[in-house]
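For reference, the structure is listed below as structure tokens.
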Amino acid sequence: MSLHELLKFQLWIWEFKVFETFIILSLLISLLILILRNNTVNYILLLFYGVFQLVFTFFVVKSFFKNTQSSSFFLIFDSKILDRFIYADKYTIFFIIITSILFFISSFSSINKVLFMKEKNFSLYCAFLILFFVSLFGVISAQNLIVMWVFVEATTLTSGVLIYQDKTRHSLEAAWKYLFICSIGIALSFVGIVFLSLAFNTSSLSFNDLLPLSKKANPFWLELGFGFILIGFGTKAGLAPTHAWLPDAHSEAPSQVSALLSGALLNTALLGIIRVLNILPIQVKNICRIYLLIMGIISLLVSSIYMLKSENYKRLLAYSSIENLGLISIGLSLGGIASYSSYLLIISHSLTKASLFIVSGVIKDIYHTTETKRVNNLLKFIPFAASTLALGFLSIMGFPIFLSFFSEIKLFYFLITNQKWLLLITVLFLLLVILFALSKNIFNMIFAAEGKYKASELIRLKVKKLNTVNNIQIFGAFFLIALALLLGIYFPSQFKEFILSLVSSM
Amino acid sequence: MIEVLLIIFSISLLALSLTTMVDSYVRNLIYQAIIIFFITLFNHEAKNLGTVIFILLETLIIKGILVPYILFRNIKENEIVREVQPNTPQYLSILLMSLILIFGFVITFWFNKHINNVNSMQFGISISTILAGLFLILVRKQLITHVIGYMVIENGTFLLSLTVIKNLPLLVALGISLDILMGILLAGILINHIKTEFNKEEGIDSLTSLKD
């Protein structure tokens, strides 16, 4: 290490700025939780952290909009080394708001774990939930390809631990598959990053440095590099055909974790693809968009087939995530107003799916099963949860006045005006199949009277005193759905402009 | 000199395809780490000596000592001695591995024609290393050999990044190796749990309970 570098390093050590303080505080809190091993105290600490990160996000967003002119608004992040790698831009702002809200709700609704989990396991759970959030934050705000890669791998490791929290055989298998498949995928995306570096013929892999070089870059290596990155990050984003880990991990993880996986993790992987797509020159971008489109359509197809087959409601929701990510990538690949619809769908899907997973966790707590046919007549037993589930179902399928409705309408409008009839028919048909599969199962759970599988006395007793804990959880879920509904009814024009600015830079 | 090292490296890949003892897989990983150490040593550009020293130490400590230590401990704790059932016959395995190596050399020649200022042989060999890792994962059935296959892929990507990305910032290099180390550690813990949970029937065949 040269003297100069050493000096820089020391400066970095001593100059604790806001961002570094945030990371270090997060690490300290998670360490404290690991040491304390008292469920109530740990839960309070987790809640405190949830509020703390909401406040932090609020300040980041506020300072961003104060200084929208310069790309280096980041007066608050002016440390010596990290400022080149990690700062907030408009994509960061978009994704961090969603992630932050979801994290707050999932930490808040982890309340059922306080009662049922062993001290050791609960402290591990809380600590890794915080670490998971930090790594998500890192992916979202990384402005350098390799730094982003490092954080994506970190999200895999931290969430791998979270998936194995129920300590069952199934969750063990799911965690192994998740860890392994995603690690291989991310290793392949590293190959893609190397190819991109070869194409740009530069050693700095910051997005800002790469953008001006893109015209001179070698198109062959760009395309190859993007292909590998699409496979690698696509694995994390749950795009078919490399989605194999997703249904297993989502169904076996604790439902608060599934909510975060589906609502936040998949988005961040998609953000990686978006960022790489943005630095490509226009000819290469057009080819690469076709790859993204193909992956999107395959995702829709695969999810529709498996949803018809699936008999497990958590897996059903997981396949619905694949479907939504497929729709989002189709929109992103088409550009223009279709991309706009994708961003709307990202918001709507994250809010809705997180809420659905939390409700499904409550149902699992009461019925002790994830088999759809063993869960009946929810509306009679637990009306609050049932109605939240119903609202979530309407939102996920894009019924009118929900945000997803406006998003999907915009996508179809784009397809019609651009006369992409074949794509329109394919998408509509697959969505219809998915609507059928989902409504069949969900309606059965909500309305159907108990048939063959009568709810046992135990469940009836339990349902009677559906305790405050579960009600609190469902309240969190309801809040998210209400948000999706509210945004559908009234979408502020500032939000619209902001999202349009995201689309225009694509 | 680098060419000789690369040839030795590709021989280690062939050895990986032949062996059935789990111990010797891990030993092979140590050899690979040492070879990568020397390749980095001969490859460096003097102007950023700090980074080079760091990468050298990091390869030696993480790839050469810590990861093999974790794997050896795992093997000992779980009493894994031998590859239980090699999925494919030996001759087929070595044939396929040779094909992968030949593919690497084809890439080398093709690469030589088109792109200058990058060591084309190292490029080709690292591509075949990545493929070899994937091949190991596909062919072998034990979980621990899958982890070893993952490490081989990591070695391949490391070699690849050495050829192209000349000066990786220190902090980033540290992040990458920490990620890999934690990944291996976590995989080791999971293998331990799987062993106890699935009654010693370790192997990918026992992990099939989740499906639609």
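List of remarks:
- Dividing the summed helix terms, -39500 (n - 2.57) for each DSSP H run of n ≥ 4, by the number of residues in chain A produces a 222 nm estimate of -26000 deg cm²/dmol to the nearest 500.
- The separation of the range A:274-322 from the range B:1-73, counted between C-alpha centres, amounts to 38 Å.
- Estimated translational diffusion coefficient (Stokes-Einstein, Kirkwood radius over Cα pairs, 37 °C, 0.692 mPa s) of the range A:299-374: 246 µm² per second.
- Among the trypsin sites (Lys or Arg not before Pro) in the range A:156-188, those placed in a DSSP loop whose Cβ has at most 12 other Cβ atoms within 10 Å are A:Lys167.
- Taking every residue in A:180-191 and counting other chain Cβ atoms within 10 Å of its Cβ, the average works out to 5.
- For the peptide B:151-158, the mean number of other protein chain Cβ atoms found within 10 angstrom of a residue's Cβ is 3.
- Packing order of peptides A:48-57, A:222-231, highest average first: A:222-231, A:48-57 (average count of other Cβ atoms within 10 Å over each peptide's residues).
- For the peptides B:120-128, B:52-60, residues were scored by their other Cβ atoms within 10 Å and the scores averaged per peptide; the highest-first order is B:120-128, B:52-60.
- Karplus 3J(HN,Hα) series, Hz, for the range A:297-303 with 6.51 cos²θ - 1.76 cosθ + 1.60 (x for Gly, Pro): 5, 4, 4, 4, 4, 4, 5
- Directionally averaged projected area (convex hull, Cα atoms, the protein assembly as shown), nm²: 30.4 nm²
- Residue with peak Gaussian network fluctuation, chain B [Cα springs, cutoff 10 Å], from B:Gly50, B:Gly188, B:Gly133: B:Gly50
- Dividing the helix sum by the residues of chain B, where each DSSP H run of 4 or more adds -39500 (n - 2.57), gives a mean residue ellipticity at 222 nm of -25000 deg cm²/dmol.
- Database remark: amide H of A:Ile86 closer than 5 angstrom to the amide H of A:Gln143 (H placed geometrically; neighbours at sequence offset of 5 or more, or on other chains; Pro and chain starts carry no H).
- The mean of 1/r over all distinct Cα pairs in the range A:310-506, once inverted, gives the Kirkwood hydrodynamic radius of 17.7 Å.
- The P(r) of the range B:2-198 has a tail past 32 Å containing 16 percent of all C-alpha pairs.
- Listed values for the range A:318-333 are Karplus-derived 3J(HN,Hα) couplings in whole Hz (6.51 cos²θ - 1.76 cosθ + 1.60, θ = phi - 60°), namely 5, 5, 5, 5, 4, 4, 5, 5, x, 4, 4, 5, 4, x, 4, 6, and x replaces Gly and Pro.
- In terms of distances greater than 29 angstrom between alpha carbons, the cross-link table entries A:Lys62/A:Lys118; A:Lys380/B:Lys211; A:Lys314/B:Lys195; A:Lys113/A:Lys373; A:Lys380/A:Lys440; A:Lys364/A:Lys410 yield A:Lys62/A:Lys118; A:Lys380/B:Lys211; A:Lys364/A:Lys410.
- Relative packing of peptides A:334-346, A:432-444 - highest average C-beta neighbours within 10 Å first: A:334-346, A:432-444
- The amide H of A:Asn312, built 1.01 Å from its N in the peptide plane, has A:Thr372 as neighbours under 5 Å, considering only residues 5 or more places off or on other chains.
- The phi torsions of the range A:398-414, fed into the Karplus equation with coefficients 6.51, -1.76 and 1.60 and a -60° offset, translate into couplings of x, 7, x, 6, 7, 4, 5, 4, 5, 5, 5, 4, 5, 5, 5, 4, 4 Hz, rounded to whole numbers, with Gly and Pro shown as x.
- For the residues of A:199-209, the average number of beta carbons from a partner chain within 10 Å of their own beta carbon is 2.
Just so you know, all these numbers are worked out from the coordinates, no wet-lab data involved. Bear in mind that the values here come from a model prediction, so they are computed numbers and not experimental data. A quick note on method: Cβ atoms are made from the backbone with ideal geometry, for glycine too, and the neighbour counts reach across all protein chains shown.
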